[in-house]
1. Which numbered condition trips up E:SER161, out of (1) more than 29 Å from E:LEU226 (Cα to Cα); (2) in contact with a helix residue (DSSP H, G or I) (Cβ under 9 Å, 6 or more places away or on another chain); (3) without any contact (Cβ under 8 Å) to a residue 12 or more places away in the chain?
2. Take the range C:237-251 and flag every residue that is more than 7 Å from every other protein chain (Cβ to nearest Cβ) and open to solvent by 10 Å² or more (accessible area, probe 1.4 Å).
3. Can you name the condition, by its number, that E:ARG154 falls short on among (1) more than 16 Å from ligand 4 (Cβ to nearest atom); (2) outside the structural domain of E:ILE128 (by TED's automatic domain parsing); (3) open to solvent by 10 Å² or more (accessible area, probe 1.4 Å)?
4. What pairs come up if the first residue lies in the range C:3-20 and is under 11 Å from A:GLY118 (Cα atoms), the second is aromatic (Phe, Trp, Tyr) and at pLDDT below 85, and their beta carbons are under 6 Å apart, counting only those six or more places apart or on different chains?
5. Which is more than 10 Å from chain C (Cβ to nearest Cβ) and under 12 Å from the mean Cα position of the chain (by Cα), of A:SER264, A:SER190, A:SER214?
6. Return only the number of the condition from (1) within 23 Å of D:ASP137 (Cβ to Cβ); (2) within 14 Å of chain E (Cβ to nearest Cβ) that D:ARG195 does not satisfy.
7. Going through E:VAL32, E:VAL106 one at a time, which residue ends up being open to solvent by less than 30 Å² (accessible area, probe 1.4 Å), within 14 Å of ligand 5 (Cβ to nearest atom) and of a type outside the set (Phe, Trp, Tyr)?
8. Can you tell me which of B:ASN228, B:ASN182 is away from ligand 5 (no atom under 16 Å from the Cβ) and in contact with a Ser or Thr (Cβ under 9 Å, 6 or more places away or on another chain)?
Amino acid sequence: MSWVAGAFGFWGLAWWINLRIAASRQANTPAARLAVPVIFGVTLLVLWEGLVRGLNVPGVILPPPSAIAARIAVSGPILWADFMQTFVKGALSGYVIGCSAAFLTALAVDRFDFLRRGLLPVGSFIAALPIIGTAPILVMWFGFDWHSKAAVVVVMVFFPMLINTVEGLRSADSMSRDLMRTYAATPGQSLRKLRLPAAMPFVFNGLKIATTLSLIGAIVAEFFGSPTVGMGFRISTSVGQLALDMVWAEITVAAVAGSLFYGSIALIERAVTFWHPSQRAAN
Amino acid sequence: ADELTLQLKWVTQAQFAGYYVAQDKGFYEEADLDVTIKPGGPDIAPTQVIAGGGADVVVEWMPAALAARERGLPLVNIAQPFERSGMMLTCLAESGVTGPEDFPGRTLGVWFFGNEYPFLSWMSQLDIPTEGGDDGVTVLKQGFNVDPLLQKQADCISTMTYNEYWQVIDAGITPEQLVLFNYSDLGVATLEDGLYVLESTLEEPGMTDALTRFVAASMKGWEYAAANPEEAAEIILENDATGAQTMDHQVRMMEEVGKLLSDSGALDPAAYETTVSSLLSGGSDPVISKDPGAGAWTHDITDAALN
Amino acid sequence: MRQAVGPVLAVVAAILVIWYFAAVWMNAAWTQQQAARAGTTVTFSEIVTDTMQQARPRLPAPHQVAVELWNTVVMKKVTSKRSLVYHGWITLSATLLGFGIGTGLGILLAVGIVHSRAMDMSVMPWAIASQTIPILAIAPMIIVVLNSIGISGLLPKAIISAYLSFFPVVVGMVAGLRSPETAQFDLLKTYNASRAQVFWRLRLPSSLPYLFTSLKIGIAASLVGAIVGELPTGAVAGLGARLLAGSYYGQTVQIWSALIGAAVLAGLMVGLVGVLQRVTLKRMGLSR
Amino acid sequence: MLSAEEIEGFADDGPEPTDTAPRDVVIDARDVELVFETNDGPVHALQDINLQISKGDFVSFIGPSGCGKTTFLRAIAALEQPTGGTLTVNGMSPDEARRSRAYGYVFQAAGLYPWRTIAANVKLPLEIMGFDKAEQDRRAQDVLRLVDLEGFERKYPWQLSGGMQQRASIARALAFDADLLLMDEPFGALDEIVRDHLNEQLLSLWARTEKTIGFVTHSIPEAVYLSTKIVVMSPRPGRITDVIDSPLPRERPLDIRDTPEFLEVAHRVREGLRAGHAYDD
Amino acid sequence: MLSAEEIEGFADDGPEPTDTAPRDVVIDARDVELVFETNDGPVHALQDINLQISKGDFVSFIGPSGCGKTTFLRAIAALEQPTGGTLTVNGMSPDEARRSRAYGYVFQAAGLYPWRTIAANVKLPLEIMGFDKAEQDRRAQDVLRLVDLEGFERKYPWQLSGGMQQRASIARALAFDADLLLMDEPFGALDEIVRDHLNEQLLSLWARTEKTIGFVTHSIPEAVYLSTKIVVMSPRPGRITDVIDSPLPRERPLDIRDTPEFLEVAHRVREGLRAGHAYDD
Ligand SMILES: Nc1ncnc2c1ncn2[C@@H]1O[C@H](COP(=O)(O)OP(=O)(O)OP(=O)(O)O)[C@@H](O)[C@H]1O
Ligand SMILES: Nc1ncnc2c1ncn2[C@@H]1O[C@H](COP(=O)(O)OP(=O)(O)OP(=O)(O)O)[C@@H](O)[C@H]1O
Ligand SMILES: Cc1ncc(C[n+]2csc(CCO)c2C)c(N)n1
Ligand SMILES: [Mg+2]
Ligand SMILES: [Mg+2]
């Protein structure tokens, strides 16, 4: 029980510290921006460790963070190979292809009203193609290696990106559009100079959501057939062996990679949409 | 009545007919049992379910069960209705594979999720590396179906005698066009579809008695199912909530499963030893590192059930 | 609505044409292999005919899927296990519950993040991390844990569905709730409006365009989540179970009809959100 | 009151305008009507608008708020579609004229793009019309100097005061040499001195380039000082109540505002304006 | 030129203001300084601002565009934080004053919420301050009548002309009875007649209620007509160059604008303004 009590005590303390940091003058410094989530995360880990130990949860249900850390420490090469296979080859290429395809489709949809009315409803169909249905088919079509994983990712990220871009391209206010009309700007010009910049906050919403989707997609697709390397392969195989520490080691890698991926997109967003009220004031 | 929950290893199909028949025919009820049967699936590890308290008894393959045991989940085999393994490696003859000597350089489909050990120990016996290359084999983690063979993505794939093999046949490939490697014949087979419980369950008062009645009723179900494949298949169809199974396929599966069944349901210690030694030698990354010990199985239940 | 019919039909028609060509192209290999195994040769027209009617095609022809859909949607009683409507309904109920929980949670989190710096700085990174956890990997654990505390049935599926749908809502709503201009905040500041008042009177109305976009993505994600959630619950019923059974037995046509079923379901729900969006924005005078 | 022949194009619901348009008519409005449909019933923003504007005219529109000045300017620029009557610009439909890039427009609100710096905002039309880089820089610098915004090139719109934003938007419209300038209260947020300064600049630009200018203002002196023609409007429905041709010479020093002619015109405009208003207290 | 004792709180870089503040000081600025940090270096929006405003004063701020009028008003309203000096409102910090709902603010841009009808926009502060429904309706109706927007209650902001939007935003600020009214060019987009009308209304409101009013305008006559105190500012950095206490009586008919006192004050303001400008042409 002392483990549990200790964990909750730590939680309270950490929360208090975070509140103090967030309210302090240094809240906007890089150090604080890093410290707060780290403290929060450490809290979660301590809580996890405490509960698992305190409540005697069997390691085959949920291993404690310490066991996971130990596993990560000894499995570097395996984790790295899996990461390269799944994230770099599968998720990243699928992300790039899927987001660009959706973006280009959105441009076409935005340009031709006919497509907007015809393609958009059909596009929302693609949104719901569940990975469980698409993955076996795409593995059959594109083989067991990362190509089929990239294809799954393409299908998964397409819709969020499409709908956000389409919505964004329509978000410019009417006066800004009128201005373009008075210049008799061509559709291409008004796209480049007005609608694209105005769409950026939405586009980045899509890009951010797609980061995590791409990772989930690439991993889960490996459940449906893969070479003997990859994060999804390792996870499903390890579950079969009840090697839950390995499962969570892979999940940890996925979480770290996903957060960094998301973070880098968010950084680009800050640079590109610096003018948007949501970025201008840290409100 | 005593309540028991049984977690299957896979979806509702004739592979588990004995339990469904015992349920449907009232054998459990007669034994004063109230049994809940939970279908499994590709994403369900019965060992995990039993660890989480979601089931009292699980149908599991021995490699997975022993691996779990070594990781601290004390599973005990209380009965082994399947005395033979049904797993095979199935190759297209046109690929040119005629025997193990042709494997180097080939692509082979293997089931993982705890089912890869027979294959791995066979390969280590043959001294063929599984990391690809010219003198090794390229291993694919095979999905649920036989498409890799039909689409020629693999030269050989894993099949069960009672299921996937027939899917290949149904797809239009004739038996002559196939080359089969049956793990049982190769002597590397591991035991499949045994009944496992936690040690703590055996220690609960009255539980041994309930499990005894359960095993006895289940074996009665198996006997009935093997004798009446048509009726067993019908019962399976009734219990299949997906509505995807077909009568023909299930009747045939029942017939094939019948060939694998043991009469008593008692674990054959010799087969157990074969399995354990095969697992201990399993290539570079053995499934289990030490003998699981005597506690890994018991004849108490089956002995009692036979009386 | 009405003027959308023509374009949609045109797009669908185009897709069908491409689909037919693709079916011939992708299935021809099997036809030829079978002919080779039988030691015969096939003419082009024989290939075309055969590719239209294979039992396990790489890509089923549209009419094969249509027939399967007709058989499983129209010809079966909706209470039958073989009816796609029955399975669709099972999935839909988990989807709706999951969507409710997911959007509710997503909006709450977004509200928290926008209002509390501590939450913004600490929760957001972990919400992101949570989404990088492959759902299919932890779904069984969720189910097992919930099971051990006596929760089973609809709720576990709905929870997995919610897990997938809350994130797009959080991301969209955080951006939306922060989208008002500084000047619009300043106005309320001069009234010394409380945070609640700022929320109801400014942040929420301004976030609506973002909200609806998020909802569209969220409801599609919920559906995917509900289907994913069907696997570790034993995949006994629902579109996910159909998909799985189809893929397990290599019944491509059944997979495709379940896929189309899911897609139509999603299309309808996204369309519904779209209607809701138009009605709301119109009532708020925001649609011009 | 001025004599009758000085009233051109004036229309109440009285006589039709002459069918033979005078020399070089740039804008020709005949019975133009514009009704907005709203949730709350139709709004008659313009009714029976008859007006001819010739090349080189400087026309001011003045009238109570809500009388349709902006709407009329927008209709000329093809940003609104009249619901009745005919409106031509350079003999073409407004939309054709728009597509031939016939005008520069200064909106009532500045409407700068927040993701562009001030200089980039001013260069926007130049980029669109395909001016080369060096020319863009030169012109942007020129017009920014004209509106006294040197040194603010690299600021973003939200870093500027209201009046500075308005000046930036004027600079943007002046940057390319449109023959027809439509300006909707361009100097509303400026102080008297800057305003006088910009008035002079605008007049000299106009005199130099023979542009046609449509100009909405609320300042009677400004209207009289700048215009060759003053159109007085009244609201509900928006219509023209008076068209005054200025007797002032084209050459106008600032102190022309103290001459009797000036004051007389101003007086007439004020009377017209007052007539359009509800309260006489 | 007015005599020296009429100049109160005037500060260039000369004498310090008297430390003993006069009766009932509402706003007390001492050495206020405000610097914006931008991508392009710091902008000195306000420097050495010393000013006392007493209860019941009507203070106009006038100065070239970009001289910091808006910034100063925003600082008083606690919308900007001075980077130097002290600023108190009713003896409190601006933020405390804001929290006690001490002011009504009319922004330079109308800033109506597009999803609310005009009436709902006007009721916004009333809702927030918890007035009951009937009272909200009554007040909204009153102030909308005051700014001549009856009949537009159910329209949306974008269905209104620029001037109408501005009047709606004035109505919104008047709807609740703040003791301190801060108005940033409220009448910029209005024609002379409406403007005169609203000037009168504002004066009578002020006289009736003893409000303290801070008022930014670009119109010299307007500033002189309305104010008890005129603050002239000049830019780069923004500072006060002159503070003029009006010799005009509190009771002011419109034709006071033709009196010599009026013209003299106007002249002094104009001189002050001109001095702050770069060009003398
Ligand atoms: N988009 C619209 N929808 C409905 N009504 C509109 C719309 N735009 C303008 N109106 C109405 O048309 C009338 C004329 O508006 P307009 O903007 O032309 O006035 P204005 O003369 O420019 O006034 P101001 O001097 O205040 O800018 C007003 O009554 C206004 O309410
Ligand atoms: N958010 C900001 N960031 C950077 N600089 C700013 C910001 N707001 C205002 N400024 C600068 O501060 C100075 C004063 O601006 P302010 O808006 O107070 O002027 P103003 O007197 O109200 O002018 P106007 O009459 O044109 O409205 C200007 O030079 C402006 O560029
Ligand atoms: C993901 C996954 N892949 C393969 C199997 C192997 N397996 C065990 S029982 C069974 C049924 C045979 O018809 C099969 C295929 C599994 N359990 N899980
Ligand atoms: Mg206007
Ligand atoms: Mg200002």
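1. (1) is the only condition that E:SER161 fails.
2. Filtering the range C:237-251 for residues more than 7 Å from every other protein chain (Cβ to nearest Cβ) gives C:238-239, C:251.
C:GLN251, the sole residue that qualifies.
3. (2)
4. C:PRO7/A:PHE114
5. Details: A:SER190 fails: under 12 Å from the mean Cα position of the chain (by Cα); A:SER214 fails: more than 10 Å from chain C (Cβ to nearest Cβ).
Answer to the check: A:SER264.
6. Checking D:ARG195 against (1) within 23 Å of D:ASP137 (Cβ to Cβ); (2) within 14 Å of chain E (Cβ to nearest Cβ), the one that fails is (1).
7. Criteria check complete, one pass: E:VAL106.
8. On the way: B:ASN228 fails: in contact with a Ser or Thr (Cβ under 9 Å, 6 or more places away or on another chain).
Result: B:ASN182 is the single residue among B:ASN228, B:ASN182 that is away from ligand 5 (no atom under 16 Å from the Cβ) and in contact with a Ser or Thr (Cβ under 9 Å, 6 or more places away or on another chain).
The values are calculated or read from the model by the stated rules, or taken from the named source; none is laboratory data. Everything numeric here is computed off the predicted structure, so don't read it as measured data. Positions of Cβ are backbone-derived with ideal geometry, glycine not excepted, and every protein chain shown enters the neighbour counts. Side chains included, ligands, DNA and RNA excluded: accessible areas come from the protein's heavy atoms. Shrake-Rupley method; radii C 1.70, N 1.55, O 1.52, S 1.80 Å.
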